[in-house]
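First up is the structure itself, then whatever we jot down about it.
None of the figures in this text is laboratory data; all of them are computed from the coordinates on show. Because the structure is predicted, anything quoted here is derived from the model rather than measured. Cβ placement follows ideal geometry from the backbone for every residue including glycine, while neighbour counts extend to all protein chains displayed.
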Amino acid sequence: PDGGRIVTASADRTARVWDATTGASLAELKGHTHGVRSAVFSPDGTRIVTASEDLTSRVWDAATGASVSSLRGHRNGLTSAAFSPDGTRIVTASWDKTARVWDAETGARLAELKGHREPVNSAAFSADGTRIVTVSVDSTGRVWDAVRGTSLAELRGHTAPVEFAALSADGTRIVTTSIDST
């Protein structure tokens, strides 16, 4: 978050932290048993969350690379993970057609977001942490209440799998990208 480090995810089952200026490797996050699809810093930069094809998401100490906790419960590989803006929750997306919300400190599952008919490719919190947007291979996006886990809206219009979504800082706009070139 301060621009001093970069975190990368790899098919070699690791994530790595790099010095953004020198390119030097600062930490190697080892422990996943399959490829790591996503790795992101917490808003304060002290933790990293990874999402892996091994059905788990892990929280790591960003300074030491030590595993802090493992989030388990998805029934298929994970595609993405992200912290809430205040760092207290994590959302994970999975090929099991769900997204889940977790307590970032305890690892307790807070909500399961069900409604997509195909794998969920990505999930993201709104800037105020009240909403989550998911996108799926089913060519849709969905907006969810981040606390209750209820679906608020379905976003239609793409004709192929939707890969990514981002929300504007004020929460009034969502952009999605699809393999249908839109």
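Extending 7 Å from Cα along the Cβ direction at His34 and again at Asp128 yields two label points whose distance is 3.7 nm. Of the three principal axes defined by the Cα atoms of segment 31-77, the extents in descending order read 30, 18, 17 Å. Computed from backbone phi with θ = phi - 60° and the Karplus coefficients 6.51, -1.76 and 1.60, the 3J(HN,Hα) list for segment 146-160 is 5, 8, 7, x, 8, 6, 9, 7, 10, 9, 10, x, 6, 10, 8 Hz; x is used for glycine and proline. Distant-in-sequence amide contacts of Ser80, defined by a placed amide H-H separation under 5 Å and a gap of 5 or more residues or a different chain, comprise Ala93.
Residue-wise HN-Hα couplings along segment 56-61, as the Karplus relation 6.51 cos²θ - 1.76 cosθ + 1.60 with θ = phi - 60° gives them from phi, are 10, 10, 10, 9, 10, 6 Hz; Gly and Pro carry x.
For segment 171-179, backbone phi angles converted through the Karplus equation (6.51, -1.76, 1.60; θ = phi - 60°) give residue-by-residue couplings of x, 8, 9, 10, 10, 10, 10, 9, 6 Hz, Gly and Pro being listed as x.
Remark on segment 26-182: Rg and Dmax equal 14.6, 44 Å (Cα only).
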